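**Student:** Quick one: structure below, then a few questions.
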Amino acid sequence: MTVADPTVLNMRKASAMMTLKQFFPELTEKQFIASAAYAMGLSLSNIAAMNGCSSETTKKQLQRSKEALNLDTLETMRGVFVMRTLWSLL
């Protein structure tokens, strides 16, 4: 396997995502993945397809994430993800 091998790149992306998970202790792993994807601009249907679940399940995961983070709206969650992710770089 080379560094450019898609398997290696996917493993690195997954590792980077799980490193960021530590900045969201309030969320389960599934909530974190759905919320991070939403924060990056993916649609509910794209997130559902990526996770192998229904759009309704994705909507519930995002709702629970919003409640766990004590936020009023899903749009606010995007800002929280950006700020915590940037903070992780310091």
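The values are calculated or read from the model by the stated rules, or taken from the named source; none is laboratory data. Predicted, not measured: the structure shown is a model, and the values here were computed from it. In this analysis, Cβ positions are derived from the backbone assuming ideal geometry, glycine residues included, and neighbour counts consider all displayed protein chains. Heavy atoms of the whole protein, side chains included, go into the accessibility calculation; ligands, DNA and RNA do not. Shrake-Rupley method; radii C 1.70, N 1.55, O 1.52, S 1.80 Å.
**Student:** Would you mind finding the one in 5, 72 that is of a type outside the set (Val, Ile, Thr) and at pLDDT 90 or above?
**Tutor:** Values: 5 fails: at pLDDT 90 or above.
The match here is 72.
**Student:** Could we say that residue 51 is open to solvent by 50 Å² or more (accessible area, probe 1.4 Å) and closer than 17 Å to residue 18 by Cα here? Walk me through it before giving the result.
**Tutor:** On the way: open to solvent by 50 Å² or more (accessible area, probe 1.4 Å): yes; closer than 17 Å to residue 18 by Cα: yes.
Against the criterion (open to solvent by 50 Å² or more (accessible area, probe 1.4 Å) and closer than 17 Å to residue 18 by Cα), residue 51 qualifies.
**Student:** Scan the stretch 68-85 residue by residue and report those that are within 10 Å of residue 23 (Cβ to Cβ), open to solvent by 50 Å² or more (accessible area, probe 1.4 Å) and either among the polar types (S, T, N, Q) or not in a helix (DSSP H, G or I) (or both).
**Tutor:** Across the stretch 68-85, there are no qualifying residues.
**Student:** From the list 35, 45, pick out the single residue that is at pLDDT 90 or above, open to solvent by 30 Å² or more (accessible area, probe 1.4 Å) and assigned to a helix (DSSP H, G or I).
**Tutor:** Values: 35 fails: open to solvent by 30 Å² or more (accessible area, probe 1.4 Å).
Result: 45 is the single residue among 35, 45 that is at pLDDT 90 or above, open to solvent by 30 Å² or more (accessible area, probe 1.4 Å) and assigned to a helix (DSSP H, G or I).
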